[in-house]
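Data block below; observations after.
The values are calculated or read from the model by the stated rules, or taken from the named source; none is laboratory data. These numbers were taken from a predicted model, which means no experiment stands behind them. For neighbour counting, all protein chains shown are included, and Cβ atoms are generated from backbone atoms with ideal geometry for every residue, glycine included. We work out accessible area using only protein heavy atoms, side chains counted, and drop any ligands, DNA or RNA first. Shrake-Rupley method; radii C 1.70, N 1.55, O 1.52, S 1.80 Å.
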Amino acid sequence: MSDYAIRIEGVGKTFGGVHALRDVALRVRAGTIHALVGENGAGKSTLMNILAGILRRDKGTIEVFGDPADFASPVESQKRGIAIIHQELALAPDLSVAENMFLGDLGNGSMFVDWKTMNRKAGSALSAFGFNISPTTMCGDLSVAYQQIVEITKALVIQDCRVLILDEPTAVLADPETDVLFDNLRKLKESGITIIYISHRLEEIFRIADAITVFKDGRTVADLDPRSCTEEDIITNMVGRRLEALFPPKPERDPDGDVLLKVDNLTRSGVLDNVSLNLRVGEIVGLSGLIGSGRSEVVRAIFGIDPIDAGTIEVSGKRQVIRKPSDAMRVGIGLVPEDRKRQGGILPMSIRENMTMTNLEAISRFGITNARAERRIAQASQDRVKIKLGALNDALSSLSGGNQQKVIVAKWLNTDCKILILDEPTRGVDVGAKAEIYSIIAALAADGVGILVISSELVEIIGLCHRTYVMSEGVIAGELKGGEMTEEAIMRLAIPKRRVH
Ligand SMILES: Nc1ncnc2c1ncn2[C@@H]1O[C@H](COP(=O)(O)OP(=O)(O)OP(=O)(O)O)[C@@H](O)[C@H]1O
Ligand SMILES: [Mg+2]
């Protein structure tokens, strides 16, 4: 019996002309949590997809628990005990939680689906994992965080895996949910499960990982021991250079400057209750809170995606009625939405078109798109956030997860709106690009743009924003300014009052 659950040597993979993997090695000891890190496009997901039988390698060897493996399909990989939770959520939105968990296994070979048993099993699996999610809820009605949890539970409990691959599981989770996930991962490890863990949040890796492998440009560049290495060591290996500062200095702003956006008593029955906030010229303001606290709902209401029952919105002192996103855009509000896959980007369209879509006015005259201007804007965006891609004409879907995010964020950073709302702008983005996005946000603010940032990462709120609102259960629980913003102070406001003992 091998010590290694997974042993990968010399694996390579190309897509057309793109070398996704040149030569990677990865040795994962059984019963450990092994972190896999690397910049966007380094090849992490590609290797995991090979291990999960979704892609076929071009060269190299793979052993699973000491036996050679060359999976032609996901089913073959599952039979050897491997389960993968993808970076992009894979649940069917129109099916219930229980149906999604048992998908592919619905009737147990007969025409008869035992709904009651299925719902009961799904419900108890979820509560064993620490979450109170109803098995009959439609997955499309769940937040992305809860969808992720359903997927993880499915792999663990229903597929009964021995090796669990998590491709950026916490990108959609806020800190308390991450704590719950980590408790569960530690328990799984104790019970002998091997976990391969991909994340761009380096502080998490020190909390959870027993070993770290760093990929760069399709190669393994380092195997590090989290007990003896530093965050600096990981970043230097990942990026190939030292990173000066993650957060730029906060731009100067006038605390009594003109109010760009004033929201008063925004109410949506059962969702938002009397939400009031404001945003001044050149300000970066956070919207913090747990998942489900109403943060995204506030910005959806402001942007005219969801209807409101009461409340007013003023832009630069003028009352505006916003019924649809085009109303919001007309008065100078831009939004980078949370679920970028569904709302932000158009996967089959080219990277170039996706980047410049919101900027149509700048590049088209009399309705005719100016191809040269379009290319110039796309090139500038690519340079700014350093997107790893083959050609700007390739489809957005050919990019790695993090690089897709960069394209969508870049597109909005191109617009000339005065108010920019960013919902989790750096989710899934590598540290180098994170720093880049932060400095673009700071530069926009220095130009007078007012920026409202939703983030589940407290360090991001504290490092980037002048002040933050904290939401809890659909209301603004408080506001913290400057030095008042600490992780503890934010969490104290974010946690629903009835849960405080
Ligand atoms: N289907 C595909 N067609 C063309 N190129 C692809 C395809 N899938 C991946 N690639 C390319 O292979 C490279 C590695 O991508 P991969 O998704 O493995 O990166 P990653 O390390 O998971 O990055 P991220 O942190 O952004 O998720 C990227 O340059 C990507 O554009
Ligand atoms: Mg990936």
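Among the residues of this structure, Gly483 counts as one that is more than 16 Å from ligand 1 (Cβ to nearest atom) and without any contact (Cβ under 8 Å) to a residue 12 or more places away in the chain. Considering only residues in region 49-87 that are of a type in the set (A, V, I, L, M) and within 20 Å of His19 (Cβ to Cβ), the one that is surrounded by the fewest Cβ atoms within 10 Å (Cβ to Cβ) turns out to be Ile54. Considering region 421-458, the residues that are among the charged types (D, E, K, R) and over 22 Å from Val331 (Cα atoms) include one that is most open to solvent (accessible area, probe 1.4 Å), namely Glu436. All of Leu277, Leu287 fail the test of being part of a strand (DSSP E or B) and buried (at least 23 other Cβ atoms within 10 Å of the Cβ), apart from Leu287. In region 180-196 there is no residue matching the filter, namely being out of contact with any Asp or Glu (no Cβ under 7 Å at 6 or more places or on another chain), open to solvent by 60 Å² or more (accessible area, probe 1.4 Å), of a type outside the set (Asp, Glu) and within 30 Å of Val18 (Cα to Cα). Here Leu392, Leu422 are screened, and the one residue that is in contact (Cβ under 8 Å) with a residue 40 or more places away in the chain, outside any loop (DSSP other than H, G, I, E, B), more than 16 Å from ligand 2 (Cβ to nearest atom) and among the aliphatic types (A, V, I, L, M) is Leu422. You will find that of Arg22, Arg29, Arg7, Arg57, the residue that is touching a residue at least 60 places away in the same chain (Cβ under 8 Å) and either within 16 Å of ligand 1 (Cβ to nearest atom) or in contact with a Leu (Cβ under 9 Å, 6 or more places away or on another chain) (or both) is Arg22 and no other. Just one residue in the set Tyr146, Tyr197 is among the hydroxyl-bearing types (Ser, Thr, Tyr) and within 16 Å of ligand 1 (Cβ to nearest atom); that residue is Tyr197. Applying the criterion of being away from ligand 1 (no atom under 16 Å from the Cβ) and hydrophobic (A, V, I, L, M, F, W, C) to the residues of region 204-230, the residue that is surrounded by the most Cβ atoms within 10 Å (Cβ to Cβ) is Ala209.
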